[in-house]
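First comes the structure, then the notes that go with it.
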Amino acid sequence: MKEPAKVPISVPAPPTMIKAGMNRDIGFYVHRHLVFGWWALLVFLSLGILLEVFHGFKIGWYLDVSNETRRLMWTLGHAHGTLLALINLAFAATLGMLQNLSARLRSVVSGGFLAATLLIPGGFILGGFGIHSGDPGLGILLVPLGAVFLLSSVFLVGRSALSRPIPKEPVPKRKA
């Protein structure tokens, strides 16, 4: 049997990227957040399914009343991680339209979203380990730091979305 010829597959950029005149720098961040967002979504959804399995099989060290804090921390880690994965995907989807977000701010915002996606759910999950008298473990201290990264990144993106786009070419004056 003869093997079919291998044809290189080229995936064209989505039309929204072409219309926005996406440059390499923006393309880098779009790709970064698409990859990170989808993989983070897989990880945190899988964590949620694992928590459901613990619940379904009535695992004592997860469901016992004395482990209520652990259950809460891990549920919060799953929920926040899933939401933050979706925020990364939303950032990737809208980045080409944020024309007023400078290269420096793109880098800051990108790093902020990535850090928040690791720190907030990670803090909740780590807080579920080493519970002391109903209080979460020291990992919970990562959550406020992640919140600062998240809020500052959302603020910068929101501010960029509010400002008027920078025209690419001069707008001709109308004759009266």
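The values are calculated or read from the model by the stated rules, or taken from the named source; none is laboratory data. Computed from a predicted structure; not experimentally measured. Methodologically, a virtual Cβ is constructed for each residue, glycine included, from the backbone with ideal geometry; neighbour enumeration extends over all protein chains shown.
Summary table
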quantity: Single condition D64 does not satisfy, out of (1) closer than 20 Å to A161 by Cα; (2) loosely packed, with under 13 Cβ neighbours inside 10 Å; calculated: (1)
quantity: Qualifying helices (runs of 4 or more DSSP H) (wholly inside the range 33-135; at least 2 residues being of a type in the set (S, T, N, Q)); calculated: 68-94, 103-127
quantity: Search result, residues across the range 136-155 that are part of a helix (DSSP H, G or I), closer than 16 Å to H78 by Cβ and in contact (Cβ under 8 Å) with a residue 40 or more places away in the chain; calculated: I140
quantity: Members of the range 125-144 that are closer than 15 Å to V65 by Cα and crowded, with 19+ Cβ neighbours inside 10 Å; calculated: G128, P136
quantity: Condition check for A5: modelled with pLDDT under 95, closer than 23 Å to Q99 by Cβ and small (G, A, S); calculated: no
quantity: Near pairs, Cβ below 9 angstrom, 6+ apart or cross-chain, from the range 46-65 (among the aromatic types (F, W, Y)) to any residue that is surrounded by fewer than 11 Cβ atoms within 10 Å (Cβ to Cβ); calculated: F54/W61
quantity: Qualifying residue in the range 151-164 (condition: surrounded by 13 or more Cβ atoms within 10 Å (Cβ to Cβ), closer than 24 Å to Y62 by Cβ and touching a Gly at 6+ places or on another chain (Cβ under 6 Å)); calculated: no
quantity: Residue among L76, L83 that is in contact with a helix residue (DSSP H, G or I) (Cβ under 8 Å, 6 or more places away or on another chain) and either farther than 18 Å from L119 by Cα or at pLDDT 95 or above (or both); calculated: L76
